[in-house]
Amino acid sequence: MKKIYFCCLLLCQFIANAQTEIDGIMMSKNQLCTGAIFQYGAWSNYWEGTFKRDNQNLGTVSNNTISINGNYGVTDKLNVIVSLPYIATKASAGTLKGQNGLQDLSATIKYMPIEKTIGQGIYSVYTIAGISIPTTNYVADYLPLSIGLQSRTATFRLMGDYQRGNFFTTVSAAYQKRAAITIDRNTYFTTEMVYSNEVVMPDVININLRTGYRSGRLIAEAILDNQVTQGGFDITKNNMPFPSNTMNSLRIGMHTKYTFPGKEALSLVGGFNHVVDGRNVGQTNAIYAGFFYIINFNKKTQ
């Protein structure tokens, strides 16, 4: 199933799951894949604009995330995916108190209109649309220790997948529209003074490339992910980040999934990711692990 961003980008750089909206895998009709992922992410260096630095008033900023996920096959070509994370943040130095709570509920529709075999390769095309809505009244204007940005979002992604034997390549591009948020102050400074409690949030473009080995028993893939904010502004010198900052990141990672012999319904997932370059984000290192179980609602046949 999938697919958080200075807070979420500073926190952990989003979780990769078993059947996600961003991979070339579909659940079969009337089957539900459900499970949980635990992720730990941390950073001590971050980019203030393009200047890379540390901050002794923060030390190491870390987060623990538990995400509950479900992916249901409406048909073999249409899946509905939901996810809800619980996040706890912490700074190892200074006086800022960490936050914790439920973050944003996401719901995604993943559709595969094209799947064709040409020669020895299988070509698939996917269209993916999703929304996310904050589930609690957490504070967005408390970065980098906020658990989210409080923005309602709508995302559209186009994805292509090529598989030859057990080797595959998946590439996708997404545009995320983010709604304005309100904060608990009536004035704030971006590149100018703003006399309002409403913050206009910049949209986001994401490009994702993954390639590796995929079989019914094992998936092992390398991931390259690039996120570019469409607008925003840089963190000012020695200041706290702000929800509408530019938050760009280039991330590399590795994801694996293993299905047990004789217990095809149960699988384990795990992986890591690392931010190699960014703007107004933390240089996060994150690891994650979890399990998924498939429930088959198809009628038993004799």
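Computed from the coordinates by the stated procedures, all read-outs in this text should not be read as laboratory data. Just so we're clear, the structure is a prediction, and the values are computed from it rather than from any experiment. Here the Cβ positions follow ideal geometry from the backbone for every residue, glycine too, while neighbour counts run over all protein chains shown.
Values as computed for the structure displayed
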item: Gain in span if fully extended, E192 to V276, counting 0.36 nm per residue against the direct Cα distance; result: 27.2 nm
item: Sorted by Cβ neighbour density within 10 Å, fewest at the top, the residues E198, E192; result: E192, E198
item: Fewest-first sequence of D161, D104 by Cβ atoms within 10 Å of each Cβ; result: D161, D104
item: ³J(HN,Hα) computed for each position of the range 222-228 - Karplus, 6.51 cos²θ - 1.76 cosθ + 1.60, integer Hz, glycine/proline x; result: 9, 10, 10, 10, 10, 10, 10
item: Label point distance in nm, K29-Q56, each placed 7 Å from Cα along Cα→Cβ; result: 6.6
item: Calculated FRET efficiency for the pair L268/Y162, C-beta based, R₀ 22 Å, to 0.05; result: 0.25
item: Table column - 3J(HN,Hα) (Hz), the range 55-61, Karplus curve with 6.51, -1.76, 1.60, x for Gly and Pro; result: 8, 5, 7, 10, x, 9, 9
item: Derived scalar couplings ³J(HN,Hα) [the range 282-296; Karplus, 6.51 cos²θ - 1.76 cosθ + 1.60; whole Hz; x for Gly, Pro]; result: x, 7, 7, 10, 9, 10, 8, 7, x, 9, 9, 10, 9, 9, 9
item: Amide hydrogen neighbours beyond the local backbone of G24, cut-off 5 Å, H modeled; result: none
item: Set of aspartates and glutamates near K52 by C-alpha distance (under 15 Å), chain-local residues within fewer than 8 positions excluded; result: D234, D277
item: Cβ-defined net charge surrounding T211, 14 Å radius [Lys, Arg +1; Asp, Glu -1]; result: -1
item: For the range 7-296: relative contact order, % (alpha-carbon pairs under 8 angstrom, 6 or more apart); result: 19
